[in-house]
Structures are given as C-alpha cells and as structure tokens.
Ligand SMILES: [Zn+2]
C-alpha cells in the first residue's frame, strides 16, 4: 500500500528507469527552457501543441544520452549523477537566466571557493534536495531487473529505435514550427537541461583530445623599445570586474557613481565593448593579439600575449590579482595574489582592491631603469553578492540587497548594492591615479581602466553574466573604460583623442594601444587598433 513498498516490490527494467528519469528532469528541472520557449511562442492552442512536442524532444534527447550509460553497474550512478547535475543547472538557469555553454564550462573549471561561497544559498539547497537528492534516493532504492548482456543491448536498441519513431511522430507534423525554431530561435536549445550542458562539455573537451599538445607559439619577437625613447613609462592597467558602462556617471548615469573620477582629467570612452561576457573568456582576449572575431581560447592560451611581449622587450611587468586569477594571462610573468591577507593589508569581510596598491611604490622604486607595466585585476562588482564588494563607508545608495539570493531583493535594492560597488571602484581608481601622480616627475604615467564584461541586473529575468555573446544583452558587453595621463605625457599623441574617444572601441584596442604607449616597434603592433595613434586619424 505505502510508497516504499511500491518502490521495493515493483521491479523496473533499465529502460523504464531511463524513461522515468528523463520525464522527471524534463518536467521539474527545465523551467527555464519552457519559460524561454513561451516568451518566443506565447501560449495558444497551436503553440501549446508545439510546447508539448518540445517537451517530448527533451525527454527523447535524454533517453539517447542515458542509454549510453545503461550498463548494469553504472546505470544507477550515472542517472544519479545526471539528476544532481540537472538540479544544479536548473537552479542557475531559473535564478540567473544563464546557460551552460563552452565558455561557462571554462568558467566553472576556473572558479574558486570564494565564488562558490558567494553563490550558495538556501534556495540552491532546496533545488538540490528536491530535484537532485530525493529522486536519487528513489533511484537508489528501486529494484532493477537485469537481463543478460545480449538481451540488455537488444532492449536498449529497442528503446532507441522507439524513441526515434516517436521523435518523428512528434516533430514531422510540426515541421513549419521546427523550421522557424531551428532557423531563428535555435538559441532556445541552450536551455535544454542537461542535454545542452553535456553537449558543451563534449565540445569543450573534444579539441583538447584531438590535439592535446598545442605547441606554444612566440610572437612579437622583434618587439623592442627604440633607443631614442629615453623617457621612462609607468603604465597601470586596471582590469575591472563586472562593471556596466551605463552605471558610470561619466557615461551619463543619473546617479553620481563617479564623484572622485569626475574631479580628475579623465579621457572617458563611452562606447567601449567587451570581448567576452565572462572573466575567463574576456581576460585572455583582452591581452591577446587576436581580436574578438579571431579569438580562439586554446590558440590564445598557447601564444605569447601582450605581457609576454613587453616582458621580453625588457619592460618590467607585474600582475597583482584580487580576483579569481589571471586566467592564464600572467602565467609567465611576475604574479602576486592579493586575495590573501598575507599580501593584502586591507582585508575585512574580504580583501579590498585598494590593498593591491600596498608597497607598489616600493616595487616602482626598485626598478632602477626602464619602463614599467603594472596590471591590477580587481574584485570590482563581482556578483551576485554585490553587498560584499564595498566597505561600509561606501554604502551610500540604500536600501541594499544584503544577500546573494537575488529574488529576495527588490530590483532597486540590487541596483543600490551594485552602484555602491561602482562607487568603491571610483575610489580605487582615484587612489591609483594618486600613486601615479607621486611618480609624475620621473615617469610618463598612464592609467588605463576597462571592465572585463558587464552584468545583467534582472532585466527580462536575466542576472549575472556569461550568456553566449550573440545572445547576451548589451548590458553584459557594454563596459566602462577610461584613461588618465600624467603631466609628462606626450601631448602630440592626445591631439585627436577628443573625437577618437567617442568612436566605437573595444577590448580589441587594448593590445596595440598599450604597445603604442611603450613606443614598441613590432610586426604585431597594429596602428589601426591603437586608440592613441595619430597618423591613422587622418
Ligand atoms: Zn569578470
């Protein structure tokens, strides 16, 4: 009578268990898929039939997937694995509107404990318990009937062929809708849970398996600083985190989020665009010779980047990191971790960006000669725990959202917290400028700031960042960027900047602009991409 006895007495076949799991995950862990489909195909009788058909496709895709793992000893662990993973993915898709594409797999592999802590909350736990752990316990307790190996192979073939037949039956009569789905709305398939994540994982791993040893390529070996350049350059590049262009008052945001920068002589770039929509995608691209259109993660990671080239041209290059890591960019140069209180003297609930300036004067003083490039990788506005990203003194916009469970906050609270973190970046950047001013007599000083990507703050139900570039809203790609020049800077190079700064610019411009700042002559330098190149303006 009672449920446990049903579970323990009834004997299921492997095929039945596979189908049940696929149906469960489709019904309960695919809310994002169905809500996104409904946005494109609003509910009507015709669309309702299409929606049911798509649900069937999701089930069938999973049946194909799970059939691969249907051997007797591994079938239960495999299904439990997919239930747990689907519950996690379901949570992040429902809550933040993200999808698990190749870049997201890359992000997940490069995440750190702090990032995981910021994302863990009660709601996530409920998803995992109800959609992951409880159904897994049921799978664990079910009695399975195993036929002989030959029979099981035959059973699985039967299941797969039946699935193909059903697939044809549910898609062919709706071929017109499927044609439009595949042609115009194929991004909806990104929301199939867990099938798309599995597909992304395979596409992420496959190239590495095919060509495991991509030989490292040196480029820009001809790079050198001309003998005539006797002025010493001191450039600080600040890699921002998750800041949105439209939340900088320098870009016209109604709230004053840049009160301190507004007092400095800033060259602001209001039309600046990121290369990727996540840290792991943007960082290697920002420092690579490749433009966004050319960018390939594996090639970029196995080729000299801007820092390698400058380092070889005898510029002193230092990377200080208060974020997860340099994502491989600073692997071959001096690299210091400022997320630890051992190095960072300004830590409360977490280590602050401004702590990266500690002893930096000392570092500069120790370089007796030559040029210096310092990269500071900020914690910035890293979400969803924006409220952790600023000390109490910067809690100017209130009420704030003091939890990582974004759905518990009003959108205004969320924006307030986000803007307070921008306010802290405003302070941090002016502290960087202060340090450069102290060195103005000895160096040509420059600060270059650009955020790695933007952020969604709940517009259309989307939060955080990391959507595939073509699908991502502008808020994830339109980033704040600006420059500051010290009193010894080359006035000639800035003569066209007032018109140039208003043109569309992007992370593509960083590589050659910084090479240009150091007056490097090299075949890898492209004057067309150098924001400060005067000749190409004519
Ligand atoms: Zn980032």
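The values are calculated or read from the model by the stated rules, or taken from the named source; none is laboratory data. Nothing here was measured: the structure is a model prediction, and the numbers come from that model. Backbone-built Cβ (ideal geometry, glycine too); neighbour counts: all protein chains shown.
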* Subset of segment 316-330 [more than 16 Å from the ligand (Cβ to nearest atom) and surrounded by fewer than 22 Cβ atoms within 10 Å (Cβ to Cβ)] -> 316, 318
* Subset of segment 443-461 that is over 16 Å from residue 103 (Cβ atoms) and within 16 Å of the ligand (Cβ to nearest atom) - its residue that is surrounded by the fewest Cβ atoms within 10 Å (Cβ to Cβ) -> 457
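Yes/no matrix, rows are residues, columns are (1) in contact (Cβ under 8 Å) with a residue 40 or more places away in the chain; (2) assigned to a helix (DSSP H, G or I); (3) within 17 Å of residue 220 (Cβ to Cβ):
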position: 259; (1), (2), (3): yes, no, no
position: 282; (1), (2), (3): yes, yes, no
position: 285; (1), (2), (3): yes, yes, yes
position: 289; (1), (2), (3): yes, no, yes
position: 300; (1), (2), (3): no, yes, yes
position: 311; (1), (2), (3): no, yes, yes
position: 314; (1), (2), (3): yes, no, yes
position: 317; (1), (2), (3): yes, no, yes
position: 328; (1), (2), (3): yes, no, no
* To do: Those residues that are closer than 30 Å to residue 385 by Cβ, more than 16 Å from the ligand (Cβ to nearest atom) and either more than 23 Å from the chain's Cα centre (by Cα) or surrounded by 24 or more Cβ atoms within 10 Å (Cβ to Cβ) (or both), I need them from segment 224-252; list them, please.
  => 236, 248, 249, 250, 251, 252
* Check whether at least one residue in segment 213-222 is without any contact (Cβ under 8 Å) to a residue 40 or more places away in the chain, away from the ligand (no atom under 16 Å from the Cβ), within 25 Å of residue 446 (Cβ to Cβ) and surrounded by fewer than 15 Cβ atoms within 10 Å (Cβ to Cβ), and report yes or no. => no
* Structure fact -> Every listed condition ((1) touching a helix residue (DSSP H, G or I) at 6+ places or on another chain (Cβ under 9 Å); (2) within 16 Å of the ligand (Cβ to nearest atom)) holds for residue 283 save (1)
* Do we have any residue at all in segment 142-154 that's farther than 16 Å from residue 193 by Cβ and surrounded by 16 or more Cβ atoms within 10 Å (Cβ to Cβ)? -> yes
* Determine whether segment 331-349 contains at least one residue that is within 22 Å of the chain's Cα centre (by Cα), surrounded by fewer than 18 Cβ atoms within 10 Å (Cβ to Cβ) and not in a strand (DSSP E or B). => yes
* Structure fact -> Checked segment 387-417 for anything assigned to a loop (DSSP other than H, G, I, E, B) and farther than 22 Å from residue 322 by Cα; matches are 396, 397, 398, 399, 400, 401, 405, 409, 410
* Asked: Of all the helices (runs of 4 or more DSSP H) wholly in segment 1-119, which have at least 1 residues that are in contact with a strand residue (DSSP E or B) (Cβ under 8 Å, 6 or more places away or on another chain)?
  -> 3-9, 14-28, 75-96
* Before we move on, is residue 475 surrounded by 18 or more Cβ atoms within 10 Å (Cβ to Cβ), at pLDDT 95 or above, farther than 22 Å from residue 107 by Cα and within 16 Å of the ligand (Cβ to nearest atom)? -> no
* Among the residues of segment 361-386, write down those that are part of a loop (DSSP other than H, G, I, E, B) and either surrounded by 16 or more Cβ atoms within 10 Å (Cβ to Cβ) or within 13 Å of the ligand (Cβ to nearest atom) (or both). => 371, 378, 379, 380, 381, 382, 383, 384, 385
